[in-house]
Amino acid sequence: MLALLVLLGFTSVSLAAPAGSSDVPAKVDLLMPDVQPKLPDTYLCHKIKLDSTDTYITGFVPNADMNIAHHMLLYGCLEPGSDKNVWNCGEMAAPNPLFESAPTCKSGPKIIYAWAMDAPSLVLPKDVAFKVGGHTDIKYIVLQVHYKNVTKFLNGGKDRSGITLQTTKKSLPRGAGVYLLGTMGSIPAHSTVYMETACPFPGKNLVIHPFAYRTHAHTLGRVVSGYRIRDGKWAEVGRMDPRKPEMFYNATTPHMTVKKGDILAARCTMENGLDHDVAIGATQKDEMCNFYIMYWVEGDHILDKSYCFSPGPPTWYWADFKGGDINLAARPKDISTIPGTDKPLVATETEKFGEMAAEDNAEQEEDVALESLLDQLGADELGSILGDMEDRRPQRREEDDEYYYGYDNN
Ligand code: CU
Ligand code: CU
């Protein structure tokens with residue numbers, strides 16, 4: 001209780017530019033204010049409010065020890081998840097008597113950085129920056145730290161893990177953004193399943209330059225891979241075993257661009273050796289299938305639509321994509337191959353859901369999973385995902401009894 005009261009005493013730090021030095025690079029510390037998490041697997045969030053002039057983030061310097069912090073994530077938010085200086089957050093957060101539970105962001109969450117396992121500093125490419133504060137819709141930056149092992153804190157230790165942002169007030173010519181591909185769906189007991197998503201590139205006149213990627217799954221993920229499909233040709237953005245440190249890695253195809261007419265696609269290959277089915281959801285017992293693309297653009301207009309979610313198995317696969325020529329026949333052979341191994345993991349044949357009842361069931365499960373996703377996403381994001389999924393739900397054709405996927409790129 002004392003710890004809680006002490007923590008409540010802190011106020012948000014304001015990110016103010018040093019007077020009269022608007023183009024001098026500044027370091028901004030976003031560090032936990034001497035917290036004492038006492039339960040293993042505590043996720044704590046801490047925020048800073050940005051000031052009313054545009055700030056450009058050009059690099060991230062982690063200050064953490066992998067023996068204390070399992071991972072750290074930085075989110076930009078329109079509104080932070082809590083008014084508190086420190087709160088219990090994160091998709092897998094269990095109730096914690098010491099800290100109030102709240103989502104990372106209340107609205108407009110945008111992931112901008114991830115650190116794990118003593119990853120080194122990340123410096124964005126030359127002239128590239130995340131534009132935050134000022135007139136952007138990122139008014140706060142929230143640091144999330146996952147404390148896996150808390151023994152140090154049981155004996156009175158305190159923690160200041162966090163990230164030092166390298167910032168400047170000087171306008172930089174290239175803006176950075178993150179695009180997230182993911183699925184809903186479920187993985188039957190004792191099976192290997194492909195969770196797939198694909199979307200037509202949403203930018204109209206925009207060209208994006210992917211330069212880094214990150215994968216995320218829980219315990220069943222074996223390979224997560226992402227692609228750009230242009231004129232029926234597949235190019236890999238990244239492919240990773242999600243059990244490896246979940247940080248941003250360099251894109252595997254350098255100097256790639258994505259523009260109107262291209263398709264972005266991702267697959268998570270999941271292995272469920274358990275006796276029960278596992279669905280996408282918010283806790284560690286559930287699963288997730290996420291592929292993040294970090295990109296830059298010329299100018300500062302990044303993508304408005306930054307999510308590509310599908311209903312996932314058993315209702316949606318790449319074969320159901322209707323938004324362009326995905327040319328599945330030309331897909332790479334190693335999509336489901338764990339890097340460093342030489343054989344792909346092959347999906348188990350599963351029953352197709354043909355019955356109305358089964359279909360209804362699947363939709364119900366999906367809705368439950370969506371509710372937990374709500375905790376993570378703001379209204380705008382969820383709205384766009386729901387709109388997307390609504391378009392993709394199987395619809396009954398008038399003339400016959402077959403289902404088709406009414407996703408149209410118009
Ligand atoms: Cu972690
Ligand atoms: Cu997750």
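Read the figures in this text as sums done on the coordinates, not as results from a lab. Predicted, not measured: the structure shown is a model, and the values here were computed from it. All Cβ positions, even for glycine, are placed from backbone atoms using ideal geometry, and neighbour counts span all protein chains on display.
Going down the table (Lys233/Lys333; Lys106/Lys131; Lys27/Lys49; Lys259/Lys333; Lys169/Lys204), which pairs top 18 Å between alpha carbons? Before the final figure, lay out each step's value.
Details: Lys233/Lys333 13 Å; Lys106/Lys131 20 Å; Lys27/Lys49 15 Å; Lys259/Lys333 24 Å; Lys169/Lys204 29 Å.
Beyond 18 Å: Lys106/Lys131; Lys259/Lys333; Lys169/Lys204.
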Just check the stretch 275-326 against the gyration tensor rule for me: Cα atoms, a ≥ b ≥ c as the square roots of the eigenvalues, rounded for a/c under 1.5, and otherwise prolate or oblate depending on whether a/b exceeds b/c. oblate
Consider a paramagnetic label point 7 Å from the Cα of Asn149 along Cα→Cβ; state which residues of the stretch 236-254 have an amide N under 20 Å from it. 243-247
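Length gain on complete extension for the stretch Thr348 to Ala319, per 0.36 nm per residue less the alpha carbon to alpha carbon distance? Write out the running numbers ahead of the final one.
Details: separation 29, 0.36 × 29 = 10.44 nm, distance 1.63 nm.
Value of the extension gain: 8.8 nm.
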Residues with amide H under 5 Å of Val237's amide H, sequence separation 5 or more or different chain, H placed in the peptide plane at 1.01 Å from N; which? Gly226, Tyr227, Arg228
Give me Tyr249, Tyr292, Tyr227 ranked fewest to most by other Cβ atoms within 10 Å of their Cβ, as a rough exposure proxy. Tyr249, Tyr292, Tyr227
Each residue of the stretch 244-259 in order: what ³J(HN,Hα) in whole Hz does its phi give by Karplus 6.51 cos²θ - 1.76 cosθ + 1.60, θ = phi - 60°, with x for Gly and Pro? 6, x, 8, 10, 7, 10, 4, 4, 7, 9, x, 6, 6, 10, 10, 9
Euclidean distance between Cα centres, the stretch 306-328 to the stretch 144-189, Å: 29 Å
Computed over the Cα atoms of the stretch 2-172, the Rg and Dmax in Å are 15.6, 46
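If I stretch the segment between Leu274 and Arg243 completely, what's the gain in nm (0.36 nm per residue apart, minus their alpha carbon distance), one decimal? Mind dumping the intermediate values first?
Details: separation 31, 0.36 × 31 = 11.16 nm, distance 1.75 nm.
Roughly 9.4 nm would be gained on extension.
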Whole Å is fine, so just give me how far the alpha carbon centre of the stretch 70-121 lies from that of the stretch 223-277. 24 Å
Any residue on another chain or 5+ positions along whose placed amide H is under 5 Å from the amide H of His71 is listed here as His146
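For the residues Ser171, Ser306, Ser225, Ser161, what sequence is obtained by ranking on other C-beta atoms within 10 Å, fewest first?
Working: Ser171 11, Ser306 18, Ser225 24, Ser161 21.
Lowest count first: Ser171, Ser306, Ser161, Ser225.
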